[in-house]
Amino acid sequence: MKLIKPIQDLYDDDFSHCYGCGRLNDEGLHLKTYLENNFTISRFTPKDHHIAIEGFVYGGLLASLIDCHGTGSAAIFYAQENKIELKEGNSPRFVTGKLNVNYLKPTPLGKELVITGELIVAAKRKVKTKINVLVDGVVTVTGEVTAILLPENFGG
């Protein structure tokens, strides 16, 4: 599967308001998740106000990035597993069922974060992914996200 646009740009408008990854949220982080060589990747550079203590990123932001990258990755991997040709408005939409975050090292401010994802398992309505946050090639945070497929009639 080739994915030119980030998965978040393929979500239906009704599901594009997430603070972390929603393209329609003017105040959001606008995380973008791509597929590269069977792994997912996002890039994000925290701003000075994303501070925990002097020089380091707030842990809640890191958890949010893992969360949104995990659900975006779930949509990509689910589409791969189910041979869905992704295009605007047809992407499966996942929400977080379980989030586990492990902080390995302090994550410095002022550096680009590279967030990677790999598939652990895809089932009928759940996808589990392993997510890493790297700075200069060093893993500072890891996570596992169990994402749940939204039903077609969600919200209506």
* Asked: Can you name the residue in the range 32-52 that is in a loop (DSSP other than H, G, I, E, B) and touching a residue at least 60 places away in the same chain (Cβ under 8 Å) and, of all such residues, is farthest from Ile7 (Cα to Cα)?
  -> Asp48
* Asked: Is there a residue in the range 53-74 that is without any contact (Cβ under 8 Å) to a residue 60 or more places away in the chain, surrounded by fewer than 18 Cβ atoms within 10 Å (Cβ to Cβ), over 14 Å from Pro6 (Cβ atoms) and of a type in the set (A, V, I, L, M)?
  -> yes
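Return the residue satisfying two criteria in turn: it lies in the range 110-156 and is over 13 Å from the mean Cα position of the chain (by Cα) and of a type in the set (S, T, N, Q), and of such residues it is farthest from Asp12 (Cα to Cα).
Restricting to residues being over 13 Å from the mean Cα position of the chain (by Cα) and of a type in the set (S, T, N, Q), the top hit is Thr140.
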* When the residues of the range 90-106 are filtered to those that are surrounded by 15 or more Cβ atoms within 10 Å (Cβ to Cβ) and in contact (Cβ under 8 Å) with a residue 60 or more places away in the chain, which remaining residue is nearest to Gly60 (Cα to Cα)? -> Arg93
* Those residues of the range 128-156 which are closer than 27 Å to Lys83 by Cβ and touching an Asp or Glu at 6+ places or on another chain (Cβ under 8 Å), in sequence order -> Lys128, Thr129, Lys130, Ile131, Val145, Gly155
* Structure fact -> Taking the range 1-26 and keeping residues modelled with pLDDT under 85, outside any loop (DSSP other than H, G, I, E, B) and surrounded by 14 or more Cβ atoms within 10 Å (Cβ to Cβ) leaves Phe15
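Does Leu29 qualify as being surrounded by 14 or more Cβ atoms within 10 Å (Cβ to Cβ), out of contact with any Lys or Arg (no Cβ under 8 Å at 6 or more places or on another chain) and part of a loop (DSSP other than H, G, I, E, B)?
Values: surrounded by 14 or more Cβ atoms within 10 Å (Cβ to Cβ): yes; out of contact with any Lys or Arg (no Cβ under 8 Å at 6 or more places or on another chain): yes; part of a loop (DSSP other than H, G, I, E, B): yes.
Criteria met by Leu29.
The values are calculated or read from the model by the stated rules, or taken from the named source; none is laboratory data. Note that the structure is a prediction, hence the values are computed from the model and not measured. So basically every Cβ, Gly included, is an ideal-geometry build from the backbone, and we count neighbours across all protein chains shown.
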